[in-house]
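Report on the following structure.
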Amino acid sequence: MAKKLCKQSQNFSEWYNGVVLEAQLADYSGVRGCMVIRPYGYELWENMQRVLDGMFKETGHQNAYFPLLIPESYLKKEAEHVEGFSPELAVVTHGGGKVLEEPLVIRPTSETIIWSMYRKWIMSHRDLPLLYNQWANVVRWEMRTRLFLRTTEFLWQEGHTAHATDSEAQEETMRMLGVYKTFAEEYMAVPVLVGVKSDAQKFAGAVRTYCIEAMMRDRKALQAGTSHNLGQNFAKAFDVTYQDADGSRQFVWATSWGVSTRLIGALVMTHGDDRGLIMPPKLAPIQVVFVPIYRSDDEKSAVLAQCQKLLGEAKAAGLRVHLDDRDQMRPGWKFAQWELKGVPLRIELGPRDLQKQQVTLVSRLGGQKTPLPTDGLAQLLLQKCDEFQDALFQRALEFREEHTYEVDDWADFKERIRQPEGFLNCHWDGTAETEAAIQEQTKATIRLIPLGDDAREGRCVYSGKPSSKRVLFAKAY
RNA sequence: CGGGGCGUGGCGCAGACUGGUAGCGCACCUGCUUUGGGAGCAGGGAGUCGGAGGUUCAAAUCCUCUCGCCCCGACCA
């Protein structure tokens, strides 16, 4: 545990792996590409789940659960869908010691099995909208994996909704995109850009894919969530129709949207520094850690008694707090340890503090020690958490803005993307050929096409052809 | 799938070229001293060296095969 982390500036990948392992968010398992989420990481995920789940319920959704195993034939019903997913499927061929008549796919996503059921449940316009979500694991056989960012099995939620009209489906798609943006920014303190994916980047089977995109501290982009307008693609593939008020039969309109444990990777790479993680207070498993300091047994009992008292008050105020009363570690070791784990606030409490009726507060952002009175400490800590949350968001936002550029010259583009220097807003002629050429030459992709119609004419950074708006280019995870 | 790396006490590694009683650091246990930025000393426990064959009087070390994981690239949330 005393191992030094790699510096971000030296090797960001190595730093990332080191933080995730050392902070005990996760560990490698014996299966290639699969990880174990350890309690500290899982608690973070549970906190994310709780907030998101509340937001889904708030917007009218209900949770359900669909099977892990999907008949292979279901996947094949939607042409683009099967084409997109078939390379990364895990397939069960045997069951109960016998070869199965039809292989079962371990879900890479659940559109097909869900729409096979929606066909059964949707008869009338009165059955719509159907607003379901499920929390589940999915498996995608990736060639290359990375803790939290891309693992063979991962945890996520997938919302699947059915609507009577295209405009309702579009409204739902945008609503959930908004939910994701709100969650990322207000809870994770991760600023995100929203937009629509180019055709090359959209979900297999979607009409349009919207996304939230964040900048990591190595200035690369990470897709942190997607919301798809599926049009009538799945309704047609699974023959899901409803009878309208006027008696006519119509295909249903669909959306799906999801975020995954990848968000944990986003959080780590947006906020972390050379000392380790930095957790946003609203999601941190531990918001305040108490580290007692003492020499003699007398001091110890007095200090611990005071800690317990303050701890109780903090808990009563709704704070997630922890007292590190392990006797075998010295304070300095504990400081480093809790900083590695990203606990936002640390309270040091020793004999000197006891005398002055105070505690010593140290923020994970900054690190200077400031005395706080013990009177009304809990309220002060709540306030400090809010300030921390805001400061963390501001810091990330400033970082992104400092590394976002408008680029109009192709040579300049190639130069800036090499390091990479960050996000490049550029005019694009809208063709897949140009998009592919840019990716081939620079490894940068179109992360998103901004929403809204703030059209400003220009010329494509690559082809020089006319363009009506800038799109976001970046190297991405 | 290509390229690279690694498999030796719980963790991180050395030992291998040149075969000869398996070692170091951290962690762990005991004791004493310590405790406001990763403690010190003393003592102690723990490894059939990824697996299978082979060469040899003798293999962690040499040969053959094999399994697994990680990293870097092509595909992807």
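May I ask you to list the residues in region A:16-33 that are closer than 15 Å to A:A266 by Cβ and either near RNA strand B (Cβ under 9 Å from one of its atoms) or not assigned by TED's automatic domain parsing to the domain that holds A:R146 (or both)?
Within region A:16-33, A:Y16 is the sole residue that qualifies.
With open to solvent by 50 Å² or more (accessible area, probe 1.4 Å) and touching a helix residue (DSSP H, G or I) at 6+ places or on another chain (Cβ under 8 Å) as the only criterion, which of A:R346, A:R418, A:R352 stands out?
A:R418
Among the numbered criteria (1) among the β-branched types (V, I, T); (2) within 16 Å of RNA strand B (Cβ to nearest atom); (3) closer than 14 Å to A:E111 by Cβ; (4) open to solvent by less than 10 Å² (accessible area, probe 1.4 Å), which one does A:V240 miss?
That leaves (2) as the condition not met.
So which strands (runs of 3 or more DSSP E) stay within region A:189-265 end to end and still have 3 or more residues that are in the same structural domain as A:N137 (by TED's automatic domain parsing) and closer than 23 Å to A:Y477 by Cβ?
Those strands (runs of 3 or more DSSP E) span A:193-196, A:208-215, A:221-231, A:253-260.
Here is a list: A:R175, A:R150. Which entry is modelled with pLDDT under 95, on the phi < 0 side of the Ramachandran plot and open to solvent by 40 Å² or more (accessible area, probe 1.4 Å)?
A:R150
Need the failing condition index for A:Q232 against (1) away from RNA strand B (no atom under 15 Å from the Cβ); (2) surrounded by fewer than 19 Cβ atoms within 10 Å (Cβ to Cβ); (3) among the polar types (S, T, N, Q); (4) farther than 30 Å from A:H125 by Cα, just the number.
(4)
What residue, of A:D386, A:D408, is touching a Lys or Arg at 6+ places or on another chain (Cβ under 8 Å), more than 16 Å from RNA strand B (Cβ to nearest atom) and open to solvent by 60 Å² or more (accessible area, probe 1.4 Å)?
A:D408
Restricting the search to region A:180-205, which residues are away from RNA strand B (no atom under 16 Å from the Cβ) and buried (at least 20 other Cβ atoms within 10 Å of the Cβ)?
A:Y187, A:A189, A:P191
Going residue by residue through region A:318-330, is there one that turns out to be of a type in the set (K, R), near RNA strand B (Cβ under 8 Å from one of its atoms), outside any strand (DSSP E or B) and not assigned by TED's automatic domain parsing to the domain that holds A:Q24?
yes
Restricting the first residue to region A:7-22 and requiring it to be modelled with pLDDT under 90, which pairs with a second residue that is open to solvent by 30 Å² or more (accessible area, probe 1.4 Å) and of a type in the set (K, R) meet a Cβ separation below 7 Å and a spacing of at least six or different chains?
Here the result reads A:Q8/A:R217, each pair linking region A:7-22 to a residue that is open to solvent by 30 Å² or more (accessible area, probe 1.4 Å) and of a type in the set (K, R).
The values are calculated or read from the model by the stated rules, or taken from the named source; none is laboratory data. These numbers were taken from a predicted model, which means no experiment stands behind them. All Cβ positions, glycine included, derive from the backbone under ideal geometry; neighbour counts span all protein chains shown. The protein model used for the area step is the full one, side chains on, heavy atoms only, and it has no ligands, DNA or RNA in it. Shrake-Rupley method; radii C 1.70, N 1.55, O 1.52, S 1.80 Å.
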